[in-house]
Structure formats: structure tokens, C-alpha cells
């Protein structure tokens, strides 16, 4: 695990329990074939997940549907933009 990525991710999600869950879920998505939202040299899924969290690309919500819908729409928009740019 890259400590620099972890430190930056902690600035986005300060609760260590929540950070570990979000990072693990995102790393699992990547392991199952999900596309990274960033390009970095590290090939470890957890490092990529932590970097994405640190950049504010991956986060969590407290269960409010409006927050989830907005975050999901933003994720879809970024994914489409990246796909068009390739």
C-alpha cells in the first residue's frame, strides 16, 4: 500500500473505518474488471482505489438518495467523457 496515497485519501475521508470500506469496495470493483478513473504507474487495485479517493473521484454518502443520485450522475458523466477521449 502506498502511504502517500493513503495520507491523501485520509484528507477526503477522515473516518478510518469508512475509508477502509470505500477503498476495499473500489479495489474489488477494479479487480472485477472496473476501469480505473486515473492513470498511475501502480498496478495494485488498492493503491489505485486510494489514489482515486484522494483525488475526490470516489467517495461515499450517508444514505441520502439525492447525494447518491448526484454522485452517480457525475461518475457516469466522467466515464463517458473518458471513453470519448480514448
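Being part of a helix (DSSP H, G or I), exposed (fewer than 11 other Cβ atoms within 10 Å of the Cβ) and either at pLDDT 80 or above or in contact with a strand residue (DSSP E or B) (Cβ under 8 Å, 6 or more places away or on another chain) (or both), is that true of even one residue in the range 25-38? Looking for residues that are part of a helix (DSSP H, G or I), exposed (fewer than 11 other Cβ atoms within 10 Å of the Cβ) and either at pLDDT 80 or above or in contact with a strand residue (DSSP E or B) (Cβ under 8 Å, 6 or more places away or on another chain) (or both), one finds none in the range 25-38, hence no. Within the range 8-23, being part of a helix (DSSP H, G or I) and touching a helix residue (DSSP H, G or I) at 6+ places or on another chain (Cβ under 8 Å) holds for 8, 9, 10, 11, 12, 16, 19, 22, 23. Taking the criterion of being over 18 Å from residue 80 (Cα atoms) and free of Cβ contacts under 8 Å to residues at least 40 places away in the same chain, the residues of the range 35-54 that qualify are 40, 41, 43, 45, 48, 49. Checked across the range 45-68, the condition of being surrounded by fewer than 12 Cβ atoms within 10 Å (Cβ to Cβ), out of contact with any helix residue (DSSP H, G or I) (no Cβ under 7 Å at 6 or more places or on another chain) and in a helix (DSSP H, G or I) holds for at least one residue.
The values are calculated or read from the model by the stated rules, or taken from the named source; none is laboratory data. Quantities reported herein were computed from a predicted structural model and do not represent experimental measurements. As a convention, Cβ positions derive from the backbone with ideal geometry for all residues, glycine included, and neighbour counts pool all protein chains shown.
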